[in-house]
Every structure is written in structure tokens, then in C-alpha cells.
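Notes follow the structure.
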Amino acid sequence: MAFNLDPQLKIKSIFEYNGDNPPAGYYTDRCHGCFLGAFNSTKQLVEPKNVLESVLKQFKSGIAANDVKCDNGLSLVIKSEDGSPACVKSQTAQKLVERGWGGYVSPNAKGTVSLPNSMHVEGTNFSVDYNITNAKVLGIKADIQSKSLIVSIKTAGDGKLTIDLPRTLIDAKCTERCILPYGTDVPFAVANDGQDWRYTEIKTATDRILTITFNAGTKQIEIGVIQII
């Protein structure tokens, strides 16, 4: 097949095409739903640049997903389901996070999230910053036996908890028994009153900032991990 080369083209996420159907054969499970072909402004198929291939090469070489480097103008998102990385435009990254597809990795994320409250984590020497709506945080404790943090709350209705978890306190990583590269971030196991619960996440090199919704009457939010340090 002859490709129309466009040196100015940047690979786009499939999510930006609003339902347009790319040619058959251009999906691959190696990049978990990414579109390896791309269209220019006239919808002509053009040769893919090596942006996504570079992401795959980095990941397959053993680089942790959250350490993968993206081209200028692209943001790193880690897929919640399997911890794989993707480089997408910042607008797309935000949409993916909102849909629960993955967690946004940003070196400056802490400066963009308002967390006006702080509370000591019982059983540790740490305090964590947080913000909560329609509820009050009664306490936060580390449960070493279950390898989790337990946040006790008193609700006044449906709400949302955003909490900044320092990696030095708590982290979830791929271990030697994991099929992903060692040290890759993996999802936390979050439960509201014992029921599995989805969350969104922003990651930095030093923190994981989780946003967890809850229903009125919820009393306990548990954040399970592979390891508590």
C-alpha cells in the first residue's frame, strides 16, 4: 500500500475520531486499542510515525510504564486494566481518566489539585492531604495485615474523596510474579463498605492521587495495595 507521507502529522488517539471507522486491520492488541494508522486533514491514510512504536519499545525493554517518555505535546496515561502505557494529547488523557480507562501521569499534578485538608495516618509516621465533598473524614489508618489504608467517613450525601498517597507510604507495583515489567504501577483495589469500587488517578514520580466517589451512607473506603512500606 502506498502511503501519503505528512511530516507534520502526529499520531492521534482513536478516541479523537468521534466514531470514524479506520481501515480494517489497523487495530492491534499490542497497544491495547490504539490506532496505528493515522489520518491527515483530508482523511487520507498516512504512514504511522514511530511515536507509539517508541512507547512499546520502551515498555517491552523493561522500562516501568510510569517512566515511559512521550514526545513533546503528548501526555502519559497508564491503563488501569493492565498497567500498559499510552501517549496521547492532554485533552484525550483527561477524557480517559474521567472514563476510568486509566491514570494520568503528570510531574506537576500536585500543583493542579486542591487538597486543603491533612490527616495523620494511624499506625505510621505519615500524614496525607485530601479533599472531600458531602462528608467528613473521621480517621485514616494503615492495616498492615490486609495491606491497605482504611478511610473512615461520615457522609451527608453522595460525594467524592480525593486523596494524595505518597509512594513512600503506600504503593502498588508489579512484582517478580507479575506478567508486566518489574516495578510497573498496577491498580489499587478500592472498596466502599466492602464493595469493589472504581476510581480515577493522577500519578507523579512521588505520589498517587486517587479520586473516589461514594454513595450516601458509606462508612469506610479501603485502598488495597501490594505493599505497604
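The values are calculated or read from the model by the stated rules, or taken from the named source; none is laboratory data. From a predicted model like this one, the values you see are computed outputs, not experimental measurements. We place every Cβ from the backbone using ideal geometry, glycine too, and count neighbours over all the protein chains shown.
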The one condition in (1) in contact with a strand residue (DSSP E or B) (Cβ under 6 Å, 6 or more places away or on another chain); (2) assigned to a loop (DSSP other than H, G, I, E, B) that Tyr130 fails to fulfil: (2)
Only one of Tyr104, Tyr130 that is of a type outside the set (A, V, I, L, M) and in contact (Cβ under 8 Å) with a residue 60 or more places away in the chain: Tyr104
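Scan region 180-196 and tell me whether some residue there is within 23 Å of Phe59 (Cα to Cα), aliphatic (A, V, I, L, M), surrounded by fewer than 19 Cβ atoms within 10 Å (Cβ to Cβ) and free of Cβ contacts under 8 Å to residues at least 12 places away in the same chain.
No, region 180-196 contains no residue that is within 23 Å of Phe59 (Cα to Cα), aliphatic (A, V, I, L, M), surrounded by fewer than 19 Cβ atoms within 10 Å (Cβ to Cβ) and free of Cβ contacts under 8 Å to residues at least 12 places away in the same chain.
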Only one of Thr211, Thr204, Thr175 that is of a type outside the set (A, V, I, L, M, F, W, C) and in contact (Cβ under 8 Å) with a residue 60 or more places away in the chain: Thr204
Test: residue in region 112-122 that is of a type outside the set (Gly, Ala, Ser) and either in contact with a helix residue (DSSP H, G or I) (Cβ under 7 Å, 6 or more places away or on another chain) or modelled with pLDDT under 85 (or both): yes
Unmet requirement for Lys173, which otherwise passes all of (1) under 16 Å from Glu81 (Cα atoms); (2) touching a helix residue (DSSP H, G or I) at 6+ places or on another chain (Cβ under 9 Å): (2)
